[in-house]
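The values are calculated or read from the model by the stated rules, or taken from the named source; none is laboratory data. This structure is a prediction, so every number in the text was calculated from the model and none was measured. Counting neighbours? That spans all protein chains shown, and the Cβs are built from the backbone with ideal geometry, glycine included. Accessible surface areas use protein heavy atoms only, side chains included; no ligands, DNA or RNA. Shrake-Rupley method; radii C 1.70, N 1.55, O 1.52, S 1.80 Å.
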Amino acid sequence: MSGPSATERCEDPGPTRRRYNANRIVRLQFEEFAFDSETRQLSGSAGLLHLSPKAFRFLEILLESRPRALSKDLLQETLWPDTFTEESSLAGLAAEIRRALDDDARDPRFVRTVFGYGYAFCGEVREPGPPASDIRATAPCRLFRGNREIGLNEGENVLGRDAEAAVWIDSLAASRRHARIVVSGSEAVLEDLDSKNGTILNGRLLEKPAALKDGDRIEIASATLTFRSFSTTLPTVTARGD
């Protein structure tokens, strides 16, 4: 008896808990391709490849959730929140990604169709991280979730379930615009945006905007995030004679 086909449905062990956003720094490589969410670029051996914004976002979500299969309902809710869309819209985005990656739906290297359920990224991915000096220079304020790092932009960074949130919290217990972190240089302020279930800072319910300190812990729904602030300057050392 032959093994399961590439399009055979697999069981979903539960709702995805990984956050995802279009603004944090994510650099991934798979075979001859390179994906960079900071520059919004996908490149191959022949140079840059074009994807529509929705297709790029679709690929981004699949990459971040790999190797898990994501349901069509979850993908549609993420890509088109509060908007009714036909299943053909997702199929069209998958086809666009496959054309760019020279992938085959019947024998996929990257984007796998899970029949009657959704899609998954099935390729082998490498994660070349930038040097620590680059991280601190480009994003002195960062959030850590497990082994993943999220660079915070200067100004407002929204945390929540909205597809365009800077820090995407994939949980129904999170509001679409749940909280925000406003960054100014190496300083940041956390503010709850009248969320339904509240924002927890260091074990306490956040009742008013609070300045974040290096190592602070933020809890939103099932997501636990650690705030880090890297100074872009080093202290002056006073030289002393013998």
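Structure notes:
- 3J(HN,Hα) from dihedral phi, region 59-68, Karplus parametrisation 6.51/-1.76/1.60, rounded to Hz, x for glycine, proline: 4, 4, 5, 5, 4, 5, 8, 3, x, 5
- Accessible surface for region 51-105, divided over its residues, is 42 Å² per residue with a 1.4 Å probe.
- Sorted peptide list for 152-159, 200-207, criterion being average Cβ within 10 angstrom, highest first: 152-159, 200-207
- Protection proxy ranking of 40-49, 219-228 - average other beta-carbon atoms within 10 Å, highest first: 219-228, 40-49
- Cα-based shape type of region 170-209, given that a ≥ b ≥ c are square roots of the gyration tensor eigenvalues and the cut on a/c is 1.5: prolate
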